[in-house]
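In what follows, a structure is listed as structure tokens, so that the remarks can point back to it.
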Amino acid sequence: MCAEIVAAADAGFGNIWSLQDCIETLYEFGNEDQHSRFIPRICAGETMSMDLTEPDAGSDLQSVMLKATFDEKENCWRLNGVKRFITNGDADIHLVLARSEEGTRDGRGLSMFIYDKKQGGVNVRRIENKLGIHGSPTCELVYKNAKAELCGDRKLGLIKYVMALMNGARLGIAAQSVGLSQAAYNEGLAYAKDRKQFGKAIIEFPAVYDMLAIMKAKLDAGRALLYQTARYVDIYKALDDIARERKLTPEERKEQKQFAKLADSFTPLAKGMNSEYANQNAYDCIQIHGGSGFMMEYACQRIYRDARITSIYEGTTQLQTVAAIRYV
């Protein structure tokens, strides 16, 4: 709900405070020492990023080639390579997907690492000139022998940790999309009530009223799906936390498995559907504004530009369809 509310005001700003749910991944898979060193810093206001994609590895993350080598002398890992399209690329703490296993070329050779900006070794080569989401930087990063530490176990970076990270990020983007849909509806409704043509407010024309009704229906349907998905995720995560403290009963294990499946199936649906609805509502918001909607003075142009990325980043709508269809 917080992500939705912030996104309704400024979707780009929402990305700064870890909309991608990096802190959850660090909590789930990091060790106690990492918890004690990094989580208080994040709670105090430091930012995080997930450094996954590269020039030749976008949706196909198993093609990631940023290299991780172990430095026996310093007892640490060293990262070398390039990451591209990294949201919050100037963050303080980075979760980095890198190839730790020499000679591999698939997902089984990838591990997750924590890079602390204080260690140095990473340069922002470029800040992307984007269509929207101007409230947070999207960067190309160059890793040059950057000191890092392993998060979790080797070879589980993609097949376990990134999958968990992406589910959290996709739920965040679903919430961001609902916020954008709400903003588009608010702007369209306010303008339709205020703008008068032929002696009456344009909301009184059936064609305009119908547009607003459909926008509201999409908004409410998307929000309902988002909240139900969040409920499934919350129950699944709660059972995971209980399992860390004690052994689950047979009934609890059955429930955990059930809600894990529901979370995995509903998350891509929530992300895919809401991101498409955000784009559609932003389009209709401009249409209701007419010529004024094409002008930079009105908020609907920013909403339209910000909404466009939601059906692309953290997995395109087409990928969400592939992910969701597995459970049909």
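The values are calculated or read from the model by the stated rules, or taken from the named source; none is laboratory data. The structure presented is a predicted model; accordingly, all values stated were derived computationally and were not measured. Positions of Cβ are generated from backbone atoms using ideal geometry, with glycine treated the same way; all protein chains shown enter the neighbour counts.
The rows are residues; the columns are (1) surrounded by fewer than 23 Cβ atoms within 10 Å (Cβ to Cβ); (2) under 15 Å from PHE70 (Cα atoms); (3) free of Cβ contacts under 8 Å to residues at least 40 places away in the same chain.
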residue: ASN123; (1), (2), (3): yes, no, yes
residue: ARG154; (1), (2), (3): yes, yes, no
residue: GLY157; (1), (2), (3): no, no, no
residue: LEU171; (1), (2), (3): no, no, no
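Each residue in the range 300-328 was checked for being in a helix (DSSP H, G or I) and either more than 14 Å from ALA7 (Cα to Cα) or in contact with a Cys (Cβ under 6 Å, 6 or more places away or on another chain) (or both), and 12 pass.
For the range 111-141, filtering for residues that are of a type in the set (Gly, Ala, Ser) and more than 24 Å from ARG305 (Cα to Cα) leaves 3. Screening MET215 with (1) under 19 Å from ARG308 (Cα atoms); (2) in contact with a strand residue (DSSP E or B) (Cβ under 6 Å, 6 or more places away or on another chain) gives one miss only, at (2). ILE133 - would you say it is buried (at least 23 other Cβ atoms within 10 Å of the Cβ), under 25 Å from ASP60 (Cβ atoms), assigned by TED's automatic domain parsing to the domain that holds SER275 and of a type in the set (Val, Ile, Thr)? Spelling it out, it is not the case that ILE133 is buried (at least 23 other Cβ atoms within 10 Å of the Cβ), under 25 Å from ASP60 (Cβ atoms), assigned by TED's automatic domain parsing to the domain that holds SER275 and of a type in the set (Val, Ile, Thr).
Among residues of the range 138-152 being among the small types (Gly, Ala, Ser) and in a strand (DSSP E or B), the one that is surrounded by the fewest Cβ atoms within 10 Å (Cβ to Cβ) is ALA148. Filtering GLN280, GLN318, GLN287 for residues that are free of Cβ contacts under 8 Å to residues at least 60 places away in the same chain and polar (S, T, N, Q) leaves a single hit, GLN318.
Looking only at residues in the range 119-137 that are of a type in the set (A, V, I, L, M, F, W, C) and in contact with a Leu (Cβ under 8 Å, 6 or more places away or on another chain), which one is farthest from VAL96 (Cα to Cα)?
Checking each candidate, the answer is VAL124.
Look at the range 70-102 and say how many of its residues are within 20 Å of GLY12 (Cα to Cα) and charged (D, E, K, R). So the answer is 3.
Restricting the search to the range 244-299, which residues are farther than 23 Å from ASN186 by Cβ, not charged (D, E, K, R) and not in a helix (DSSP H, G or I)? Walk me through it before giving the result.
As a first pass, look at the range 244-299 and keep what is farther than 23 Å from ASN186 by Cβ: 244-269, 272.
From what's left, not charged (D, E, K, R): 248-250, 256, 258-260, 262-263, 265-269, 272.
Those that are farther than 23 Å from ASN186 by Cβ, not charged (D, E, K, R) and not in a helix (DSSP H, G or I): LEU248, THR249.
The sole residue among ILE214, ILE127, ILE203 that is surrounded by fewer than 16 Cβ atoms within 10 Å (Cβ to Cβ), at pLDDT 95 or above and assigned by TED's automatic domain parsing to the domain that holds MET295 is ILE214.
Quick grid of which residues meet (1) free of Cβ contacts under 8 Å to residues at least 12 places away in the same chain; (2) more than 23 Å from ILE133 (Cα to Cα); (3) assigned to a helix (DSSP H, G or I):
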| site | (1), (2), (3) |
| --- | --- |
| ASN186 | no, no, yes |
| LYS193 | yes, yes, yes |
| ALA207 | yes, yes, yes |
| ALA213 | yes, yes, yes |
| LYS216 | no, yes, yes |
| GLY222 | no, no, yes |
| LEU226 | no, no, yes |
